[in-house]
1. Could you please let me know if residue 201 is surrounded by 19 or more Cβ atoms within 10 Å (Cβ to Cβ) and either closer than 23 Å to residue 115 by Cβ or over 24 Å from the mean Cα position of the chain (by Cα) (or both)?
2. For the range 38-49, what are the residues that are assigned to a helix (DSSP H, G or I) and more than 13 Å from the ligand (Cβ to nearest atom)?
3. Restricting the search to the range 200-213, which residues are in contact (Cβ under 8 Å) with a residue 12 or more places away in the chain and assigned to a helix (DSSP H, G or I)?
4. Can you tell me which residues in the range 163-199 are closer than 20 Å to residue 219 by Cα and either more than 16 Å from the ligand (Cβ to nearest atom) or in a helix (DSSP H, G or I) (or both)?
5. If you check 52, 119, 82, which single one turns out to be within 16 Å of the ligand (Cβ to nearest atom), farther than 19 Å from residue 259 by Cβ and more than 18 Å from the chain's Cα centre (by Cα)?
6. Take the range 329-338 and flag every residue that is out of contact with any strand residue (DSSP E or B) (no Cβ under 6 Å at 6 or more places or on another chain) and either over 24 Å from residue 279 (Cβ atoms) or surrounded by 15 or more Cβ atoms within 10 Å (Cβ to Cβ) (or both).
7. When you scan the range 287-305, do you find a residue that is part of a loop (DSSP other than H, G, I, E, B), within 16 Å of the ligand (Cβ to nearest atom) and surrounded by fewer than 17 Cβ atoms within 10 Å (Cβ to Cβ), even just one?
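A short reminder: the numbers here are calculations on the coordinates, not readings from a lab. Please read all numbers here as calculations on a predicted model, not as lab measurements. Please note: Cβ atoms are built from the backbone with ideal geometry, for glycine as well, and neighbour counts cover all protein chains shown.
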Ligand SMILES: Cc1ncc(COP(=O)(O)O)c(C=O)c1O
């Protein structure tokens, strides 16, 4: 649908609502889910709940064939997901230092069967054992392998590091050593391996108006992928020689077609691609439909060519830059100002189309990231062919996991 048609559809479906509010276009959401599955080439996708943060939407995704299990971002969140019946298969994608949640996990047999925690260091195993005391029941564990690229590694130089700072476990030898340590300790069972290649999955290779950067990113990603595929296969083989694994997880929204070609990887992870925030507009391999929007009301017209909306300062996490700002989406032709950008209580918008906007009209925005929108709004209004339904976000359920 052309953007004018979309705007009319969104405006008329929500005419009874007073902005600010958040809308999820379920047609776009489902079409994005199918696009993720297509790119996954038959590998199951574990849905990254940090990038959705709404139980209803997570449930809808899990009901689609091809999606299986949740990748949670905190242990407390994972326990809540199991307790509320969302899933019986949660991988916590990040290590935990939450003693209370660990105790709750240890006490609950159903949760212990469903939840897998992440480790990349014996310090985390010690932490769990200290929190739970000697003789604690068996906790399912996944080892995280570092997926960053060290281009100078063959010259024994580790200082050049491309990727995020996650696991210290980089080589197959290091992975096997940690696996041995997990297996040696009572109270832990080793069930999985995960390696998340953020420099490929989370970095757009077609940044607008930056052809030199695009070429550099593509070259880096090609080489990093080749290096990782080999190292990941070797690390997984080394661990499998010590223990049977239930799963090997890899990838993210931006890397599905690549990661799914690796035999060592049994499942993928993705979340952002469902809602398609602006940071995922800059990939060559796929186009997604914006599915998560928020509407802000025009409250002032300070001058010709300027319309000021209420609120709007919903910045995304990560390195400070204009790509972290929300983007005015509909009507087309509006832009943020350099002086105020997206403000705490107001956001002025520039563009000739501003003159067509009156006080009370709404402007539709897109967030730069997927899940963080749910931290701003207590509800998502879900738009389907049958009309609107309203569901709580994590925030709406008074759940805040950090
Ligand atoms: C461990 C892990 N896997 C996968 C992903 C991909 O998530 P998304 O598809 O939302 O980018 C992330 C995102 O940060 C992650 O941390």
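1. Numbers: surrounded by 19 or more Cβ atoms within 10 Å (Cβ to Cβ): yes; either closer than 23 Å to residue 115 by Cβ or over 24 Å from the mean Cα position of the chain (by Cα) (or both): no.
Spelling it out, it is not the case that residue 201 is surrounded by 19 or more Cβ atoms within 10 Å (Cβ to Cβ) and either closer than 23 Å to residue 115 by Cβ or over 24 Å from the mean Cα position of the chain (by Cα) (or both).
2. Narrowing the range 38-49 to residues assigned to a helix (DSSP H, G or I): 38-40, 49.
38, the sole residue that qualifies.
3. First, the residues of the range 200-213 that are in contact (Cβ under 8 Å) with a residue 12 or more places away in the chain: 200-208.
Selection gives 200, 201.
4. Initially, the range 163-199 is screened for residues closer than 20 Å to residue 219 by Cα, giving 163-164, 196-199.
Answer for the range 163-199, where residues must be closer than 20 Å to residue 219 by Cα and either more than 16 Å from the ligand (Cβ to nearest atom) or in a helix (DSSP H, G or I) (or both): 198, 199.
5. On the way: 52 fails: more than 18 Å from the chain's Cα centre (by Cα); 82 fails: within 16 Å of the ligand (Cβ to nearest atom).
Every option except 119 fails the conditions.
6. If we filter the range 329-338 for residues that are out of contact with any strand residue (DSSP E or B) (no Cβ under 6 Å at 6 or more places or on another chain), which is where we start, we get 331-333, 336, 338.
Residues satisfying the conditions are 331, 336.
7. Yes: the range 287-305 contains one or more residues that are part of a loop (DSSP other than H, G, I, E, B), within 16 Å of the ligand (Cβ to nearest atom) and surrounded by fewer than 17 Cβ atoms within 10 Å (Cβ to Cβ).
Rundown of residues vs (1) crowded, with 24+ Cβ neighbours inside 10 Å; (2) part of a loop (DSSP other than H, G, I, E, B), yes/no style:
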| position | (1), (2) |
| --- | --- |
| 244 | no, yes |
| 249 | yes, no |
| 258 | no, no |
| 273 | yes, no |
